[in-house]
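Only the coordinates and a few stated rules stand behind these numbers; no lab work does. Only a predicted model underlies this, so the values are computations on that prediction, with no experimental measurement involved. Cβ atoms come from the backbone with ideal geometry, glycine included; neighbour counts cover every protein chain shown.
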Amino acid sequence: MLSRAVVLEAPRRLSVADVALRDPGPADCVVDIEFSGISTGTEKLLYTGAMPPFPGLGYPLVPGYESAGVVVEAGPESGRKVGERVFVPGSNAFSEVRGLFGGAASRLVAAGDRLAPLGESQGPEGALLALAATARHALAGHDLPELIVGHGALGRLLARLTVAAGGAPTVWELNPDRMQGADGYAVTTPDADERRDYGCIYDCSGDVAVLDQLVLRLAKGGEIVLAGFYAEPVAFAFPPAFMKEATFRVAAEWSPDDLSAVSAMLESGALSLGGLVTHTARAQDAAEAYRTAFEDAACLKMILDWRASA
């Protein structure tokens, strides 16, 4: 069985090509993908070759972990049914290329228990379920952020989840193109913010250079949560952190519970994914779409449309 897929042949060398899929097992589903998202965090690092050593990393590979589509085959042990619209967090079912994370393709084979149902009303936004789950994972069981650094897609989802939980965060953003779109929280620049007693700061920037500035904005005993993905070694000046008795916490990837929780919030209307998809492109135009996603600051989220490639 073949699938059209985005293939990173080497850093900065990308094509859309036919790739072979392994045969599905009894617990697997075959999903025809409608939409897949481009991550400006991990995928950008894969694209540029800046990704730190990571299990399964190597070229050629199929990137992506944000896909939404329709089940066209359901194994008897998959727990799914044909015709069901689902979110697919990638796939490693390619026989000739690596699947890290394997979601940017027209057809995928994936275990049924890894799929999450999507409402019929979910269009391209359905591919953002993992990003919402990532934001929820950073928050779950911890203090709500008083300050969020970065008003990109992840920062907006963190802010929306915080507001839904009763918080009212401040968000820092330097890019004028990303200052708009807040609902229930304030967006400002660091220079315009005089506060120096934040109890909990979530950094979505992925920029290690900002950490020393964030330490200075903490209250004594405050926490900085690293919610982005950092290509460079994380470092900070020790004396200010010592004086503040600062805590640093790393937020890892989402769990199935996070996926279920945000799915329920979307269904109930407690969370919206609206306004996050700013750009769409045909899958065959993936090379240009990836450049736009990584280089155009006005692009919050780029979605590839696979419907003509299935």
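Give the whole-number value, in cubic angstrom per residue, of the convex hull volume spanned by the C-alpha atoms of region 115-178.
So the per-residue hull volume is 107 Å³.
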Problem set entry | Computed over region 1-111, Cα set: Rg, Dmax in Å | 13.6, 41
Problem set entry | Most to least packed among 13-24, 136-147 [average Cβ atoms within 10 Å] | 136-147, 13-24
Problem set entry | the chain - charge dipole about Cα centre, Lys and Arg +1 at Cβ, Asp and Glu -1, debye rounded to 20 | 180
Exercise. So what is the 222 nm mean residue ellipticity for the chain from helices alone, if each DSSP H run of at least 4 adds -39500 (n - 2.57) and you divide by all residues, rounding to the nearest 500 deg cm²/dmol?
Worked result: -6000 deg cm²/dmol
Exercise. With no solvent and one point per C-alpha, what does the Debye sum give as log10 I(q)/I(0) for region 1-44 at q = 0.17, 0.23, 0.31 Å⁻¹?
Worked result: -0.67, -1.00, -1.17
Exercise. Expressed as cubic angstrom per residue, what is the convex hull volume of the alpha carbon set of the chain?
Worked result: 123
Problem set entry | Those lysines that a straight Cα-Cα span of less than 29 Å connects to K44, excepting residues fewer than 8 apart in one chain | K301
For this session: Would you mind checking which residues have amide H under 5 Å from T280's amide H? H placed 1.01 Å from N; only 5 or more apart, or other chain.
Result: I303
For this session: Quick one: what are the phi-derived ³J(HN,Hα) couplings along region 188-202, Karplus 6.51/-1.76/1.60 with θ = phi - 60°, whole Hz, x for glycine and proline?
Result: 8, 9, x, 5, 7, 9, 9, 5, 10, 9, 6, x, 8, 10, 10
Exercise. Once you charge only the Cβ atoms, +1 for Lys and Arg and -1 for Asp and Glu, what is the size of the charge dipole of region 168-256 about its Cα centre, to the nearest 20 debye?
Worked result: 300
Exercise. Which ³J(HN,Hα) values, rounded to whole Hz and listed in residue order, are derived for region 19-26 from phi using the Karplus coefficients 6.51, -1.76 and 1.60 in 6.51 cos²θ - 1.76 cosθ + 1.60 with θ = phi - 60°, glycine and proline given as x?
Worked result: 10, 8, 10, 6, 5, x, x, x
Problem set entry | Convex hull of region 27-169 built on C-alpha atoms - directionally averaged projected area, nm² | 9.9
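Return the Rg/Rh value of region 210-310, two decimal places, where both radii are evaluated on C-alpha atoms and Rh is the Kirkwood radius. Could the numbers behind the result be given before it?
Working: Rg = 19.3 Å, Rh = 17.4 Å.
Ratio of gyration radius to Kirkwood radius for region 210-310: 1.10.
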Exercise. Can you give the convex hull volume of the alpha carbon atoms of region 93-152 per residue, in Å³?
Worked result: 163
